[in-house]
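Undergrad: Just dropping this structure here.
The values are calculated or read from the model by the stated rules, or taken from the named source; none is laboratory data. If you're wondering where the values come from, they're calculated on a predicted model, not measured in any experiment. Here Cβ is always computed from backbone atoms with ideal geometry, including for glycine, and neighbour counts include all displayed protein chains. Quick note on the areas: whole protein, heavy atoms, side chains included, nothing else; ligands and nucleic acids left out. Shrake-Rupley method; radii C 1.70, N 1.55, O 1.52, S 1.80 Å.
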Amino acid sequence: MSTVIEQPVEARLVAAAPRMPSIPATLYYDRRDPFAVRMTFPAQATLEGVEVCWTFSRELLAAGQEGPEGQGDVRVRPYGYDRTVLEFHAPEGTAVVHVHSAEIRRFLEATRRLVPEGLEDAHLDLDHDLAVLMRDAC
């Protein structure tokens, strides 16, 4: 069984400029890091021309389907029945994207099949993580 879920999604960047076309993005989940999800935007979709990857909690993404969640760099909230808004806050500015909620729900369901909520601890390799931490400290 694969330990990784990678799902392309269509994101629509919300900007002051006229409506921007959809941009590709990828939601990523790895059961070796069971609390986190990543959302990656390709270089052509960013102002800097480099791939951008945001890491945030799976719990935040799930809770943001029901109501506004997040107080830090990543915030998630529903927008109508069929869209989810993700806000990414950085020193350079804020990016706001809309994603179809069905795509996010499908992604979350796949992550739950891989690692059920509440059982994330069972998928952590603390010995390995500690060894990496100690090696990097030397």
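Undergrad: Would you point out the residue of the stretch 29-52, among those that are of a type in the set (S, T, N, Q) and open to solvent by less than 90 Å² (accessible area, probe 1.4 Å), that is modelled with the lowest pLDDT? Outline the logic, then answer.
TA: In the first step, residues of the stretch 29-52 are kept if they are of a type in the set (S, T, N, Q); the result is 40, 44, 46.
Subsequent filtering for residues that are open to solvent by less than 90 Å² (accessible area, probe 1.4 Å) retains 40, 46.
Numbers: 40: 94, 46: 73.
Step by step, filter the stretch 29-52, then rank; the result is 46.
Undergrad: Take residues that are within 13 Å of the chain's Cα centre (by Cα) and within 16 Å of residue 36 (Cβ to Cβ) and tell me which of the strands (runs of 3 or more DSSP E) falling wholly in the stretch 49-113 contain 1 or more. First the steps, then the outcome.
TA: Working: elements: 52-57, 74-79, 83-90, 93-100.
So the answer is 52-57, 74-79, 83-90.
Undergrad: Further, regarding this structure: Can you confirm whether residue 84 is more than 15 Å from residue 5 (Cβ to Cβ), of a type outside the set (D, E, K, R), surrounded by 10 or more Cβ atoms within 10 Å (Cβ to Cβ) and at pLDDT below 95?
TA: No.
Undergrad: Then there is this: Let me confirm something: among 55, 3, 26, which residue is farther than 17 Å from residue 115 by Cβ, open to solvent by 30 Å² or more (accessible area, probe 1.4 Å), modelled with pLDDT of 80 or more and not acidic (Asp, Glu)?
TA: Numbers: 55 fails: farther than 17 Å from residue 115 by Cβ; 3 fails: farther than 17 Å from residue 115 by Cβ.
None of the others qualify; the one that does is 26.
Undergrad: I would also like to ask the following. Are any residues in the stretch 100-138 modelled with pLDDT of 95 or more and either out of contact with any Phe, Trp or Tyr (no Cβ under 8 Å at 6 or more places or on another chain) or open to solvent by 80 Å² or more (accessible area, probe 1.4 Å) (or both), and if so, which ones?
TA: Answer for the stretch 100-138, where residues must be modelled with pLDDT of 95 or more and either out of contact with any Phe, Trp or Tyr (no Cβ under 8 Å at 6 or more places or on another chain) or open to solvent by 80 Å² or more (accessible area, probe 1.4 Å) (or both): 100, 102, 103, 104, 105, 106, 108, 109.
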